[in-house]
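One structure is given below, encoded as structure tokens.
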Amino acid sequence: MGKKRISDKMEKVLNTQMTREAYQAQVYLSYASWAEVNSFAGIANFLYGHMHEEREHMFKFLKYINDRGGVAKIEAIEAAPANPKDIGDCLRKTLQHEIDNSIEVDKIANLAHEEKDWPTFNFAQWFVKEQIEEETLINGIIDKYNLASTEVDGNNSLYEMDRDLTDASQESETPREEEF
């Protein structure tokens with residue numbers, strides 16, 4: 001292992017976030033299984049996809065910690081929360097998990113700025129952008145759910161929403177810096 005290039009405090013915060021990303025994967029896995037068991041194959045597929053994405057995030061933290069001379073510590077993952085009551089509850093809880101995760105990512109960026117740890121600040125910016133995309137994506141799905149679950153002429157559209165999510169993108173389009 002080379003010279004350690006992050007502070008002990010940063011190493012601890014990054015390890016905590018790595019474990020949090022693993023927990024996020026657990027939540028998505030749990031909610032995806034619940035959706036699958038309740039015959040929402042499209043929603044399950046979408047949530048399983050996000051479970052894989054959260055695991056990739058966890059691995060990014062692990063590699064970054066180790067690459068900067070720290071030691072990634074693999075710790076126990078908290079159990080996922082209880083199953084949601086319905087699809088709306090599932091989506092609202094998913095959004096809250098993403099918002100909570102955004103708050104923690106912002107803390108990493110703030111600490112890196114305070115410590116003038118520019119490599120970690122740069123690393124954290126990728127996650128800041130990712131969290132903006134995640135929140136935008138889930139908010140958009142909640143909007144679709146609200147439209148789909150509102151009865152129009154006695155027609156409930158949850159089936160169509162579920163079908164649409166079968167092939168839905170795992171990413172949201174958000175405004176990016178313009179290319180010149």
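Only the coordinates and a few stated rules stand behind these numbers; no lab work does. All values reported here derive from a predicted model rather than from experimental measurement. We place every Cβ from the backbone using ideal geometry, glycine too, and count neighbours over all the protein chains shown.
Miscellaneous remarks
- Inter-part distance, the stretch 17-87 to the stretch 96-126, computed on C-alpha centroids, equals 19 Å.
- Counted by neighbouring Cβ atoms within 10 Å, the residues Trp126, Trp34, Trp118 run from fewest to most as Trp118, Trp126, Trp34.
- The length gained on full extension between Thr166 and Ala76, counted as 0.36 nm times the residue separation minus their Cα-Cα distance, comes to 29.2 nm.
- Order by protection proxy (mean Cβ within 10 Å, highest first), peptides 83-94, 44-55: 44-55, 83-94
- Remark: the stretch 7-12, residue by residue, has Karplus-estimated 3J(HN,Hα) of 6, 4, 4, 5, 4, 5 Hz, where x stands for each Gly or Pro and the curve is 6.51 cos²θ - 1.76 cosθ + 1.60 at θ = phi - 60°.
- Backbone N under 17 Å from the Ser149 label point (7 Å along Cα→Cβ), restricted to the stretch 47-63: 47
- Cα-projected label distance for Lys3 with Glu173, points at 7 Å along beta-carbon direction, nm: 4.6 nm
- When the Gaussian network model of the chain links Cα atoms closer than 10 Å, the mean-square fluctuations of Met18, Met58, Met161 top out at Met161.
- Cα→Cβ-extended label distance, 7 Å offset, between Lys85 and Thr16, nm: 3.2 nm
- Amide H partners (placed H, <5 Å) of Asp117, local residues excluded: none
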